[in-house]
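K.L.:
The structure is given below, and queries will be raised subsequently.
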Amino acid sequence: MKLILFGPPGVGKGTQAKRLSEKYHLAHISTGDLFRAAIKKETPLGQTAKQYLDKGELVPDSVTTGLVEDILASPEAAVGFVLDGFPRTVPQAEALETLLRKHRHTLDGVINLVVAEAELIRRLSGRREAEHRSDDSEETVRHRMEIYHNSTEPVLAYYRKKNLAIDIDADRLIDMVTQAIENAVQHNRVKVQA
Ligand code: AMP
């Protein structure tokens, strides 16, 4: 199973991606987590990424796509994966398509988690207090939403055109969202390759 979990900041992509990856034994590929780990370890990638993460900006496509390329080439990814937070721009989606073709992967579906913006802002303010993420300050959150609308939402249109996107209402209890995603996967609304 090869899936993308899509949606704005604060929608719950990370939580749901983790659950899906555990249930279906998939590699959980979160570019945000990978960047944060690199920053913590102070690697060259981390030093580059930090400048962007702290401001709520997107890390340049070339850097991000390079990171994903290495992971998609690994044996773990061959079994199946859930991408969380990638692609976030149309050029990233195009690069992903090339990479998938190269590694003979076929994308099964794009799960689009939907929550109203006011609720997202409320959630991210809570996360700022709970997790102390440097990019969850009020101003940065507003900026990340703007970037989502300008650069990331067009990715959804890209996948809708390919008939790969499925919308899931994510403004309910975490368990109910998980159930809705699993239903979509199991009832083949997300087309799963044998
Ligand atoms: P996330 O944990 O997915 O919300 O990502 C946190 C931050 O990491 C984002 O605000 C970006 O600065 C960076 N990031 C994560 N994924 C990407 C991506 N696909 N393209 C560019 N920047 C990214």
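The values are calculated or read from the model by the stated rules, or taken from the named source; none is laboratory data. Note that the structure is a prediction, hence the values are computed from the model and not measured. Counting neighbours? That spans all protein chains shown, and the Cβs are built from the backbone with ideal geometry, glycine included. Ligands, DNA and RNA are excluded from the accessible area calculation, which covers all protein heavy atoms including side chains. Shrake-Rupley method; radii C 1.70, N 1.55, O 1.52, S 1.80 Å.
K.L.:
Kindly provide the set of residues from region 43-65 that are open to solvent by less than 40 Å² (accessible area, probe 1.4 Å), more than 7 Å from the ligand (Cβ to nearest atom) and among the polar types (S, T, N, Q), ordered by number.
P.N.:
Answer for region 43-65, where residues must be open to solvent by less than 40 Å² (accessible area, probe 1.4 Å), more than 7 Å from the ligand (Cβ to nearest atom) and among the polar types (S, T, N, Q): just 65.
K.L.:
Within region 154-166, which residues are surrounded by fewer than 16 Cβ atoms within 10 Å (Cβ to Cβ) and not in a loop (DSSP other than H, G, I, E, B)?
P.N.:
Scanning region 154-166 gives 154, 157, 160, 161.
K.L.:
Something else about it: Looking only at region 111-148, which residues are within 11 Å of the ligand (Cβ to nearest atom) and either touching a Gly at 6+ places or on another chain (Cβ under 9 Å) or closer than 9 Å to residue 9 by Cβ (or both)?
P.N.:
Scanning region 111-148 gives 124, 127, 135, 136, 140, 141, 143, 144, 145, 147, 148.
K.L.:
Still on this structure: Check whether at least one residue in region 21-29 is near the ligand (Cβ under 10 Å from one of its atoms) and open to solvent by 60 Å² or more (accessible area, probe 1.4 Å), and report yes or no.
P.N.:
No; the residues of region 21-29 include none that is near the ligand (Cβ under 10 Å from one of its atoms) and open to solvent by 60 Å² or more (accessible area, probe 1.4 Å).
K.L.:
Check residue 14 against each of (1) within 10 Å of the chain's Cα centre (by Cα); (2) surrounded by 22 or more Cβ atoms within 10 Å (Cβ to Cβ) and name the one condition it does not meet.
P.N.:
(2)
K.L.:
Please indicate, with yes or no, whether at least one residue in region 75-94 is free of Cβ contacts under 8 Å to residues at least 12 places away in the same chain and over 18 Å from the mean Cα position of the chain (by Cα).
P.N.:
Checked against the condition, which is being free of Cβ contacts under 8 Å to residues at least 12 places away in the same chain and over 18 Å from the mean Cα position of the chain (by Cα), region 75-94 yields at least one hit.
K.L.:
Residue by residue through region 33-62, note down the ones that are of a type in the set (A, V, I, L, M, F, W, C) and touching a Ser or Thr at 6+ places or on another chain (Cβ under 6 Å).
P.N.:
Selection gives nothing.
K.L.:
Yes or no: region 117-125 includes at least one residue that is modelled with pLDDT under 95, in contact with a helix residue (DSSP H, G or I) (Cβ under 6 Å, 6 or more places away or on another chain) and assigned to a helix (DSSP H, G or I).
P.N.:
Yes: one or more hits.
K.L.:
Now a separate question. Can you tell me which residues in region 66-83 are open to solvent by 10 Å² or more (accessible area, probe 1.4 Å) and within 13 Å of the ligand (Cβ to nearest atom)?
P.N.:
66, 67, 69, 71
K.L.:
Hey, which of the strands (runs of 3 or more DSSP E) in region 1-112, taking only ones fully inside, have at least 3 residues that are under 20 Å from residue 145 (Cα atoms)?
P.N.:
2-6
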